[in-house]
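In what follows, a single structure is set out as structure tokens and then discussed.
The values are calculated or read from the model by the stated rules, or taken from the named source; none is laboratory data. If you're wondering where the values come from, they're calculated on a predicted model, not measured in any experiment. We place every Cβ from the backbone using ideal geometry, glycine too, and count neighbours over all the protein chains shown.
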Amino acid sequence: MSVTRQTKILIIGSGPAGYTAAVYASRAMLEPILVQGIEPGGQLTTTTEVENWPGDSEVQGPDLMLRMEAHAKVMGTEIIGDIINELNLDQRPFMAKGDSGTVYYADAVILATGARAKWLGLPSEEKFKGFGVSACATCDGFFYRGQEIVVVGGGNTAVEEALFLTNFASKVTLVHRRDELRAEKILQDRLFKHPKIETMWFNELVEVIGADAPLGVEAVKVKNVTSGEMTEIVCKGVFIAIGHAPENELVKEVLEMHNGGYVKVQLGSTRTSIPGVFAAGDLTDHIYRQAVTSAGMGCMAALDAEKFLAEQE
């Protein structure tokens, strides 16, 4: 027999946006329910050191998210380890169904399901994630000062990551499976003129090579897609920059989207195309994708939802 829960605000997702929204909604005495989703804590739980979170010169990503979760709980949020697999936004109260069988009814919904980096799917890539393999240069580039780095990709993300990494690395090798980039021309010009960047055309990454004790990257193996020739590139860091995908499965047929599937919000707010439904963090942010900006949007979403509920009353 399914359990039914009712709440003024249902928060879906448990990264910095979701937990911050929970703190603010709790302080407004709205008694929110937060459903954590398939990856409690979000993308930060897959990182190691975080050095760009204000107030902490260095903190472990998983530890930071545990602190956020504890903060939300102390403020009064009910946090549930469930996965929402169906969301009906046709009428209020909105209805969500969890993998557990629980049905949630809410007067307002805050979507904070985040985004996920696209990966190549290599076993060796998975092995070294967080230990030399990353998908965020602004998060992890600092750790490779004076080191040689490989960036994989050919779009704006890859070129921007490569250029940013030159602030730290002694050399950046951009590996791309074609002979031209998809990035904007102005970015390409900057890339080709940069003395620290070398481009390897017609190559794809086939293996990450590294040590086990301690775990760390030492090189990568790339394959020429035309000749089949294998090349080993010595490096300490590998950045996979083939794009991000917003976790929009619950609402992709319902809410207005833009920029390849990110939920569109009204300028200067977190309001979506359906009144009472708000979006925050990487689900809607295709530009910054930082923990601190996600947290800020979580705050905005809670305040927007509080205002919406007050207007309904």
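A few remarks follow.
- Of all residues in the range 86-109, those that are of a type in the set (S, T, Y) and within 15 Å of L250 (Cα to Cα) total 1.
- Helices (runs of 4 or more DSSP H) lying entirely in the range 112-165 (those with 1 or more residues that are over 18 Å from the mean Cα position of the chain (by Cα)): 123-127, 156-165
- Filtered residues of the range 78-124 (kept if β-branched (V, I, T) and under 18 Å from Q312 (Cβ atoms)): V109, I110
- Set I233, I242, I287: member being more than 23 Å from L87 (Cα to Cα) and in contact with a helix residue (DSSP H, G or I) (Cβ under 8 Å, 6 or more places away or on another chain): I242
- The test for being outside the structural domain of N52 (by TED's automatic domain parsing) and over 23 Å from the mean Cα position of the chain (by Cα) holds for L191.
- Residue match in the range 241-248 (condition: out of contact with any Gly (no Cβ under 8 Å at 6 or more places or on another chain) and without any contact (Cβ under 8 Å) to a residue 60 or more places away in the chain): no
- Total residues in the range 1-32 satisfying the condition of being in contact with a strand residue (DSSP E or B) (Cβ under 8 Å, 6 or more places away or on another chain) and in a loop (DSSP other than H, G, I, E, B): the figure is 7.
- Residues of the range 40-52 that turn out to be in contact (Cβ under 8 Å) with a residue 60 or more places away in the chain and either buried (at least 18 other Cβ atoms within 10 Å of the Cβ) or among the hydroxyl-bearing types (S, T, Y) (or both), as a count: 7
- Residues that are at pLDDT below 95 and of a type in the set (A, V, I, L, M), drawn from the range 121-161: A135, A137, A158, V159
- All told, V74 meets the bar of being at pLDDT 95 or above, surrounded by fewer than 16 Cβ atoms within 10 Å (Cβ to Cβ) and within 20 Å of P40 (Cα to Cα).
- Scanning the range 176-205 for residues that are at negative phi, out of contact with any helix residue (DSSP H, G or I) (no Cβ under 9 Å at 6 or more places or on another chain) and in contact (Cβ under 8 Å) with a residue 24 or more places away in the chain gives R177, R178, E198, M200, W201, N203, E204.
- All conditions but one from (1) in the same structural domain as S14 (by TED's automatic domain parsing); (2) within 28 Å of V50 (Cα to Cα); (3) modelled with pLDDT under 95 apply to A213; the one that does not is (1).
- Criterion applied to E256, E218, E198, E204 was being modelled with pLDDT of 95 or more, among the acidic types (D, E) and within 23 Å of D304 (Cβ to Cβ), and the one residue passing it is E256.
- Condition met for S14 (more than 16 Å from the chain's Cα centre (by Cα) and either among the polar types (S, T, N, Q) or in the same structural domain as F143 (by TED's automatic domain parsing) (or both)): no
- In a residue-by-residue description of the range 79-96, the property of being outside any loop (DSSP other than H, G, I, E, B), touching a residue at least 40 places away in the same chain (Cβ under 8 Å), assigned by TED's automatic domain parsing to the domain that holds N248 and under 23 Å from V292 (Cα atoms) applies to at least one position.
- Boolean, V74 is over 16 Å from A241 (Cβ atoms) and out of contact with any helix residue (DSSP H, G or I) (no Cβ under 7 Å at 6 or more places or on another chain): yes
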